[in-house]
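A quick write-up on the structure given underneath.
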Amino acid sequence: MDGPVGIRKISSHCSISEMDDFDLSRLLDKPRLNIERQRSFDERSLSELSIGFARAGLDNYDNFSPGGRSGFNTPASSARNSFEPHPMVADAWESLRKSLVYFKGQPVGTIAAVDHQAEEVLNYDQVFVRDFVPSALAFLMNGEPEIVKNFLLKTLHLQGWEKRVDRFKLGEGVMPASFKVLHDAVRKTDTIIADFGESAIGRVAPVDSGFWWIILLRAYTKSTGDLTLSESENCQKGMKLILTLCLSEGFDTFPTLLCADGCSMIDRRMGIYGYPIEIQALFFMALRCALSMLKQDTAEGKECVERVVKRLHALSFHMRSYFWLDFQQLNDIYRYKTEEYSHTAVNKFNVIPDSIPDWVFDFMPTRGGYFIGNVSPARMDFRWFALGNCVAILSSLATPEQSMAIMDLIEARWDELVGEMPLKISYPAIESHEWRIVTGCDPKNTRWSYHNGGSWPVLLWLVTAACIKTGRPQIARRAIELAESRLLKDGWPEYYDGKLGRYIGKQARKYQTWSIAGYLVAKMMLEDPSHLGMISLEEDKQMKPVIKRSSSWTC
Ligand code: GLC
């Protein structure tokens, strides 16, 4: 421990907030001392936004009409004072507290679902790393950081375990997907069991867990000002172990991370193997968060930072160039020549235009765009994935223009992407023969259900954060109102089914903790947009897009 908890330590190198507006290319050849601090974009825009919100009660922003940008006021929503606590909030807090999991008397996480009516418990009685993120943010925003610190330390400890699937040993840095505390009432002992993929359905390691861990460590540090945790030897080591897993050199020709199906929130076969957008966006965000926390007082630390910086450059270029799709880009791909060889190739991955699915031509608005699901040789997965696109906005993987275009798309395709319950995890659903081939006939992932075009209330916090960052809180407000009309009444389901997300999911758990926490986080952020800083990074001025071919984000 380097200093007392809760006191911002003045250290020889930049503090976490200073590092956020770091100039990456300068970092490659210069030490990071004595950097003059400019007020960051996030802080600037947020404080201004906050004043605007407080003054106008958000009503000035209430010019959103789904399906278009024309704008009109919705009397019902304008009339209600946004700062009056909604009756659902108290219920949500009560339910969130019921989900707390204790280890030796200390809260260390929240259980995935407290559904007493569920026939099968499966692993929903575990603390999932990814599920705990919205809970953690809710506690941080409410001024209760202890549970978050306990969780970070507990999972860090679990990272140190030897992990095996049958006779095969997993990488040292792998973080658990979930853990569970077993209480022995007689012996008065608590024991932890953890799953790193060896028990998970499909036996897939959670690639996202380590990234969420780093992102949460930054959120904790940013929210409390307590640098002692992130600067501790254990946390520095934990971060480096996670980074070692994804920065190692091998056969890769792309800076993106090659993954097995089911390695993230979508934790079963859904055709996301390869380079899924969710993982790439989280990877980018985790790299940026790590950069703001890694110490450089040793040669090893310096080397690690250098590798992170180089990867960030390559990754942002790759993602912004090849994953980005808008009207112009779609038209270009449609006219692609194939079988090109050498450096002059335009169609670098040899995508055959005939493989573009019909739906995408109708789906693509004239204004708007998004990061597609996957890009690899001769394969573009044109599906929309909400989490990856929201994280791309929050991490500034998306340029400001791309971020605006993503929000334009959400507005223009409101029925498809939000419908009656925010937010579609993926769009569109895979059906019939394709469903058979891609999911392996998964009965849980039938069309418009669960991961296959289902609607997940947890995603509300992510879209709200993205809305605030792009200066469009009115969109978040609309989405929250939709959720408020159903969530409590329906018992906080895990997901909804159907094209419009109208039906409670076929096998959805009730009292799903991240549905509850996601709602609370969305509400708190809208009330006090300065919370956004915990989970958002401003654009790095030096990582400007190189490719300028898509009208929607260059003009
Ligand atoms: C489901 C979700 C996964 C989540 C888990 C626990 O498996 O797909 O993302 O972590 O449930 O809620």
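The values are calculated or read from the model by the stated rules, or taken from the named source; none is laboratory data. Everything quoted here is computed from the prediction, not taken from an experiment. In this analysis, Cβ positions are derived from the backbone assuming ideal geometry, glycine residues included, and neighbour counts consider all displayed protein chains.
Tabulated data for the structure shown
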item	result
Search result, residues across region 319-359 that are over 21 Å from ILE393 (Cβ atoms), without any contact (Cβ under 8 Å) to a residue 40 or more places away in the chain and part of a helix (DSSP H, G or I)	ASN331, TYR334, PRO353, ASP354, SER355, ASP358
Test: residue in region 319-331 that is touching a strand residue (DSSP E or B) at 6+ places or on another chain (Cβ under 9 Å), buried (at least 19 other Cβ atoms within 10 Å of the Cβ) and farther than 29 Å from GLU431 by Cα	yes
Yes/no for ALA200 being within 20 Å of PHE385 (Cβ to Cβ) and within 16 Å of the ligand (Cβ to nearest atom)	no
Candidate set: region 95-130, residues that are at pLDDT 90 or above, within 15 Å of LYS510 (Cβ to Cβ) and not aliphatic (A, V, I, L, M); chosen: the one surrounded by the fewest Cβ atoms within 10 Å (Cβ to Cβ)	LYS98
Long-range neighbours under 7 Å by Cβ, at least six apart or interchain, first residue closer than 20 Å to ARG486 by Cβ and of a type outside the set (Ser, Thr, Tyr) within region 445-459, second assigned to a loop (DSSP other than H, G, I, E, B) and near the ligand (Cβ under 10 Å from one of its atoms)	TRP448/GLY454; GLY454/ILE425; GLY454/TYR495; TRP456/ILE425; TRP456/TYR495; LEU459/ILE425
Qualifying positions in region 272-301 - over 17 Å from LEU217 (Cβ atoms) and within 19 Å of the chain's Cα centre (by Cα)	ILE272, TYR273, GLY274, TYR275, PRO276, ILE277, GLU278, ILE279, GLN280, ALA281
Tabulated pairs, region 119-147, first over 17 Å from MET265 (Cα atoms) and touching a residue at least 40 places away in the same chain (Cβ under 8 Å), second acidic (Asp, Glu) and more than 16 Å from the ligand (Cβ to nearest atom), C-beta under 8 angstrom, 6+ apart or interchain	MET141/ASP528; PRO145/ASP226
Unmet requirement for ILE468, which otherwise passes all of (1) farther than 17 Å from MET265 by Cβ; (2) surrounded by fewer than 23 Cβ atoms within 10 Å (Cβ to Cβ)	(2)
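For every residue, the table says whether it meets (1) assigned to a helix (DSSP H, G or I); (2) of a type in the set (Asp, Glu); (3) within 16 Å of the ligand (Cβ to nearest atom).
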{"position": "LEU122", "(1), (2), (3)": "no, no, yes"}
{"position": "VAL133", "(1), (2), (3)": "yes, no, yes"}
{"position": "ILE147", "(1), (2), (3)": "yes, no, no"}
{"position": "LYS154", "(1), (2), (3)": "yes, no, no"}
{"position": "HIS157", "(1), (2), (3)": "yes, no, no"}
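Let's see how each residue does on (1) of a type in the set (A, V, I, L, M, F, W, C); (2) closer than 15 Å to LEU158 by Cβ; (3) at pLDDT 95 or above; (4) over 17 Å from the mean Cα position of the chain (by Cα):
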{"site": "GLU198", "(1), (2), (3), (4)": "no, yes, no, yes"}
{"site": "ALA205", "(1), (2), (3), (4)": "yes, yes, no, yes"}
{"site": "THR221", "(1), (2), (3), (4)": "no, no, yes, yes"}
{"site": "LEU229", "(1), (2), (3), (4)": "yes, no, yes, yes"}
{"site": "GLN236", "(1), (2), (3), (4)": "no, no, yes, yes"}
{"site": "CYS259", "(1), (2), (3), (4)": "yes, no, yes, no"}
{"site": "MET270", "(1), (2), (3), (4)": "yes, no, yes, yes"}
